[in-house]
Each structure stands twice: as C-alpha cells, then as structure tokens.
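Asks: First the structure, which I've put down as structure tokens, then a few questions once you've had a look.
The values are calculated or read from the model by the stated rules, or taken from the named source; none is laboratory data. Since this is a predicted model, take the numbers as computed values, not measurements. Quick reminder, even Gly has a Cβ in these numbers, built from the backbone with ideal geometry, and neighbours come from all protein chains shown. We work out accessible area using only protein heavy atoms, side chains counted, and drop any ligands, DNA or RNA first. Shrake-Rupley method; radii C 1.70, N 1.55, O 1.52, S 1.80 Å.
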Amino acid sequence: RLEELQAGRELRYRRSPVDGVVRKLQVEAGEAPQAMGPVVWIVDCQPLWIETPVPFAVANRMKVGDSVELLFTDGGRETASVAVVSTVADAASETVTIRMEVPNPETRRVGERVGILLPGAVSSAPAQ
C-alpha cells in the first residue's frame with residue numbers, strides 16, 4: 001500500500017529541472033493543468049544578468065570578459081563581467097546593447113535598477 005501511495009504522489013508532484021524562484025503560479029489549487037501547458041513561471045537568479053544600451057563609442061571599446069562596476073540601490077557594489085556585446089546596433093539611439101553577468105549569492109531581485117559605471121559613460125538598467 002505504501003508503494004502505491006508513493007507512486008501516486010510522484011504523479012502529482014514534479015520537480016523543476018532548473019533552480020530558481022517561483023515567480024507566478026499559472027494553475028491554481030484544484031485546477032487541472034492543460035496538457036503540455038505551463039504550471040509555474042520560475043526565475044533563475046543565478047547569475048544575475050543586466051542589459052543596457054550604451055553609446056557606440058563606449059561599446060566599441062568593450063569586449064566580452066571586461067569588468068564593469070555595478071551600483072545597487074541599497075548602496076552595494078559588485079563587479080560584473082561583460083557576457084555579450086551585441087552585434088546589432090540601434091541607429092536611432094546610436095547605441096549597442098551589452099549584457100553583464102554578476103554572481104547573485106544574496107539573491108537580489110530581478111528587475112531592480114542598478115547604476116553601471118562604464119568606461120567613458122554612466123548608465124542604469126533593470127536587473128534581469
């Protein structure tokens with residue numbers, strides 16, 4: 001009987017294949033999920049990604065692996081690593097998007113605004 005109960009439990013519970021924080025439940029208690037439909041929205045906060053547009057002149061001097069200093073709203077400072085310098089530019093704003101990665105052991109909130117100290121410019125962007 002115990003084996004039957006455990007097997008039934010395995011059918012009702014699923015483990016996420018990724019670590020993260022539950023952002024939104026797509027199905028409420030008592031509802032039946034749709035076949036192959038989403039059940040929860042999980043946000044992976046490790047590492048934290050920060051994306052921001054930077055002027056052409058600044059982006060042209062940046063490369064993957066460069067260090068960038070981040071200023072958080074609580075006064076904290078962290079050093080991030082440039083992970084992506086986009087190959088696509090926005091001609092209207094004369095900017096290029098860069099993505100930085102920073103370890104997130106304190107699990108800072110996704111979407112928090114941060115200041116970014118870039119060589120030759122200052123920018124701010126929400127954490128993702």
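Asks: Residue separation times 0.36 nm, minus the C-alpha to C-alpha distance between residue 35 and residue 81: what's the value?
Replies: That works out to 12.6 nm of additional length.
Asks: To the nearest 20 Debye, how big is the dipole of the chain about its Cα centre, given +1 on the beta carbon of each Lys and Arg and -1 on that of each Asp and Glu?
Replies: Dipole magnitude for the chain comes out near 140 debye.
Asks: Also, quick follow-up: Between the helical axis of 2-12 and the dominant principal axis of the chain, each derived from Cα atoms, what acute angle in degrees is found, rounded to the nearest 10?
Replies: 40
Asks: Keeping every protein chain in place, order 19, 66 by accessible area at 1.4 Å, biggest value first, i.e. largest first. Mind showing how you got there, number by number?
Replies: Details: 19 130, 66 35 Å².
Highest to lowest solvent-accessible surface, that is 19, 66.
Asks: While we're here: Report residue 4's accessible area, 1.4 Å probe, all protein chains in place, as a number in Å² to the nearest 10.
Replies: Residue 4 has an accessible surface of roughly 130 Å² with all protein chains in place.
Asks: To the nearest 10 Å², what's residue 24's accessible area with a 1.4 Å probe?
Replies: 110
Asks: Once the dipole of the chain is set up with Lys and Arg at +1 and Asp and Glu at -1 on Cβ about the Cα centre, which of 76, 89, 38 lies farthest towards its positive end?
Replies: Going by the Cα projections, it comes out as 38.
Asks: Could you check the spin-label model distance between residue 89 and residue 18? Points 7 Å from the Cα along Cα→Cβ, value in nm.
Replies: Placing both labels 7 Å along Cα→Cβ, they lie 3.2 nm apart.
Asks: In the chain, carbon and sulfur make up what percent of the accessible area (probe 1.4 Å)?
Replies: C and S fraction of accessible area: 53 percent.
Asks: Quick check for you: with a 1.4 Å probe and neighbouring chains kept, what is the accessible area per residue of region 25-87, in Å²?
Replies: Accessible area per residue, region 25-87: 65 Å².
Asks: Work out Dmax and Rg for the chain from the C-alpha atoms and quote the Rg first, both in angstrom.
Replies: My reading of the Cα-based Rg and Dmax gives 20.4, 70 Å.
Asks: Counting only protein chains, not ligands or nucleic acids, how are 56, 72 ordered by accessible area (probe 1.4 Å), most first?
Replies: My answer, sorted largest first, is 56, 72.
Asks: At 1.002 mPa s and 20 °C, plugging the Kirkwood radius over alpha-carbon pairs of region 51-123 into Stokes-Einstein gives what diffusion coefficient in µm²/s? Intermediate values should be presented prior to the final figure.
Replies: On the way: Rh = 12.7 Å.
Rounded, D is 169 µm²/s.
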